Amino acid sequence: MNIRFFASGYCEAHEKIVNPLNGKGVSKFYAVWALIYLPEFGNILFDTGYTKEFDKATSSFPERFYRWATPLHLKPHQTAKALLGNEGINADEIQYVIISHFHADHIAGLKDFPNAKIICSKLAYHEVMTSKGVRAVSKGILHKLLPDDFENRVVLLEDFAKNIFVNDAGITEFDVFNHSSFKLISLDGHAKGMLGFLYKDEKQAILYATDASWSYETYQQGILPSKIVKLFFDSWGDFIETQNKIRAFETAHAEFSILFTHCAKTLNYIANEI
Ligand SMILES: [Zn+2]
């Protein structure tokens, strides 16, 4: 069992949005994803990072607004498929892709994994299937990024999990793949039904909290992002509550490193050159 993190492209955002108190200039939001190897199940992806499908999916309106808000920077050798190829892993071999949430920087590579079951939460799935047009775009959902057979390959986490329980920090954990050291977790607020995970092996313990914050620093200092992001967040109240739960978890389980997808600290864990 092991875990590696990679980054496939980035978009840029104003630091004032991430940190309204002290943010200056523009920072890069890398599209980080994880490769988890479980001996009985092989290689599992958690998110996919960006691919050029993002530019295709945002070539016309209303999707074009999405590209204006978050223009993509990606070199062809940086896609998840290409990076896995460097590791000797063929994209066709991947049996499972877990999706934290359906924002483009997390799912743009989905079409590159034609044989994978796509695991997501019921709430995230329902949101994707029921949001249309401008509303979908405003929630960060681009249907054009989904493979044509998405509905046949999607697996709802609540059905897939062997056991679901609430831990001592109030975070819902999902037992998947019969592994006590890898659990999916609910992280409500940023996007409907968003997921992260807990991972623990002999060397390290990680709570991967995806977009529950964009920065470890602001999370730690209790600085919330600019209120302008409420426009596309699912629930501001849940976002705050989720950060409180992560803090409670961190206090009770100090051995865990808390990583966020787009945080600069997470780049120390990235296996590829960015
Ligand atoms: Zn994101």
How long is the gain from residue 115 to residue 235 if the chain were fully straight, where each residue apart is worth 0.36 nm and the alpha carbon distance is subtracted? 39.9 nm
Set the bar at 20 Å for Cα to Cα. Now go through 192/227; 122/227; 227/265 and name every pair that lies beyond it. 122/227; 227/265
Signed unit charges on C-beta, dipole axis of segment 25-64, positive-most listed residue 35, 25, 59: 25
Which FRET efficiency, nearest 0.05, do residue 77 and residue 220 yield, Cβ-Cβ r, R0 30 Å? 0.30
Taking the convex hull of the alpha-carbon atoms of segment 99-228 and averaging its shadow over every direction gives an area in square nanometres of 9.6 nm²
With eigenvalues of the C-alpha gyration tensor scaled by 5 and rooted, segment 2-269, Å: 24, 24, 18
What whole-number distance in Å separates the alpha-carbon centres of segment 169-210 and segment 93-157? 19 Å
Taking the Cα centre of the chain as origin, sum charge times position over the Cβ atoms of Lys and Arg (+1) and Asp and Glu (-1), and report the length of that vector in debye to the nearest 20. 860 debye
Scanning the chain for trypsin sites (Lys or Arg not before Pro) in DSSP loops with at most 15 other Cβ atoms within 10 Å, what's the longest stretch left with none? 53-131
Dipole axis of the chain (+1 Lys, Arg; -1 Asp, Glu on Cβ), positive-most option in 179, 70, 221: 70
Net charge contributed by nearby residues that have their C-beta within less than 9 Å of residue 43 (K/R +1, D/E -1): -2
Env charge @ residue 113, Cβ radius under 15 Å, K,R +1 / D,E -1, value -4
Could you give the length gained on full extension between residue 244 and residue 56, defined as 0.36 nm per residue of separation minus the Cα-Cα distance, in nm? 63.9 nm
Residues of segment 2-269: accessible area per residue at 1.4 Å, in Å²? 43 Å²
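The values are calculated or read from the model by the stated rules, or taken from the named source; none is laboratory data. All figures in this text were calculated on a predicted structure; none of them were measured in a lab. When we count neighbours, we look across all protein chains shown, and the Cβ atoms used for this are built from the backbone with ideal geometry, even at glycine. Side chains included, ligands, DNA and RNA excluded: accessible areas come from the protein's heavy atoms. Shrake-Rupley method; radii C 1.70, N 1.55, O 1.52, S 1.80 Å.
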